[in-house]
1. Between the alpha-carbon centers of region 10-38 and region 86-165, tell me the distance in whole angstrom.
2. Any idea how far apart residue 94 and residue 203 come out in nm if each label point goes 7 Å out from Cα toward Cβ?
3. Compute the angle between helix 93-111 and the longest alpha-carbon principal axis of the chain, please, reported from 0 to 90 degrees and rounded to the nearest 10.
4. Per residue of region 230-236, what does 6.51 cos²θ - 1.76 cosθ + 1.60 with θ = phi - 60° give for ³J(HN,Hα)? Whole Hz please, x for Gly and Pro, Karplus curve as stated.
5. Show me the GluC sites (Glu not before Pro) within region 241-318 that DSSP assigns to loop and that have at most 10 other Cβ atoms within 10 Å of their Cβ.
6. Any idea of the accessible area per residue across the chain, 1.4 Å probe, to the nearest Å²?
7. Helix 117-146 against the longest principal axis of the chain: what's the angle in degrees, Cα atoms only, rounded to the nearest 10?
8. How many angstrom lie between the Cα centre of region 329-359 and the Cα centre of region 172-215?
Amino acid sequence: MKNRFIEIRKKSEDLCKPLLIEDYSLQPSEFVSPPKWHLAHTNWFWEEFILTKYLKGYTVYNPDFSYLFNSYYNTVGDRVLRPERGLMTRPSVEEVYKYRKHVTDAMETLLSINFDEKLSELVEIGINHEQQHQELFIYDIKYIFGNQPTFPVYGDSYRLTDQAKKSEFIKIREGVYTIGHQAEGFSFDNELGVHKVYLNEFEISNRLVTNAEFIAFIDDGGYTNFNLWHDEGWHWVNNNKIEAPLYWHKIDGEWFKYDLDGLQKVNLSEPINHISFYEAFAFAEYKEMRLPTEFEWEIASDQFSWGQLWEWTNSAYLPYPNFNKAPGAIGEYNGKFMINTMVLRGASIATPISHSRKTYRNFFHPNMRWQYCGIRLVKK
């Protein structure tokens, strides 16, 4: 576990190597967190939930940092409001790295000591928490760079793969199926509560929807046909003047999109990325199909390739049977967000290695699309 901890900590800092110092504190939107905040928040998590409670004689690096870098844990205390994370020029980036070293050194000391099962569980949560922020970091730096006039290049490590397969549909027989995390190893509490569901027979696509297919939707007036949209989605489209996926730009009659390796012509064979649930639903309606439920996706997932993009489902994010929130701040991790969000399944090219499984329940509000997300269709 100690080696995994060291590896995860190094990965967070390696992600920052392409950045200039000016990039660390930028927050172009409320839902984006600055890179400096990610580095400090993941650090605070280790300090607040583990070191202060399990390492005898541990000295908190700076008492103000709990207020500055708490995210949403009301149990812990007050915090800087999310839209104001980008206003903090202090502490400096240099100071945040010193803070990280202080915590990493202390954790290495702690992990060299025998510790109990409860501590082991918390360390596992901490590792997975930092991995979640590594993926969020990629979303956020892409949004930061993708909204600059020169479209800066971050790197070429996050490229999608062409959907080379012919579109075919996999038939799943009706029946009673078991849902939820059943394997050994880590899972979040929202995956627990193993239970049975009945599924009607359905047919699900063997691949994701491509850019070419989505361009056909655009060209055929998909963004202007109210019949395809939920009422809420239709208001979202019109109020925000949405005409294409996030990061797409029409230049001299051709579609381009910003990716972390710069502004490029849209590759027609790549899966469509950065679309909201509203858009995913409207596209499915356009194709006279539908999105899978999260239960259909989980049962069918062994029969197709997944992991390039998180895939929107038509399931609201709700607790499984017998779900119980853990006491204290850790109980705030998932349970309190089980309203007004939709479930995405799978993983993405930004998901850290070893941080994906078919029972993983990601969730976002239906208007969000800065995450790496796409569409898989089911026949009606």
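The values are calculated or read from the model by the stated rules, or taken from the named source; none is laboratory data. Owing to the predicted nature of the structure, the values given are computational and were not obtained by experimental measurement. Cβ placement follows ideal geometry from the backbone for every residue including glycine, while neighbour counts extend to all protein chains displayed. Please note that ligands, DNA and RNA were not included when accessible areas were found on the heavy atoms of the full protein model with its side chains. Shrake-Rupley method; radii C 1.70, N 1.55, O 1.52, S 1.80 Å.
1. 9 Å
2. 6.5 nm
3. 70 degrees
4. 4, 4, 5, x, 5, 5, 4
5. Values: sites: 243, 254, 279, 285, 288, 294, 296, 298, 311; in loops: 243, 288.
Those satisfying the criteria are 288.
6. Result: 47 Å² per residue.
7. Here the helix axis deviates by roughly 60 degrees.
8. Cα centroid of region 329-359 versus Cα centroid of region 172-215: 14 Å apart.
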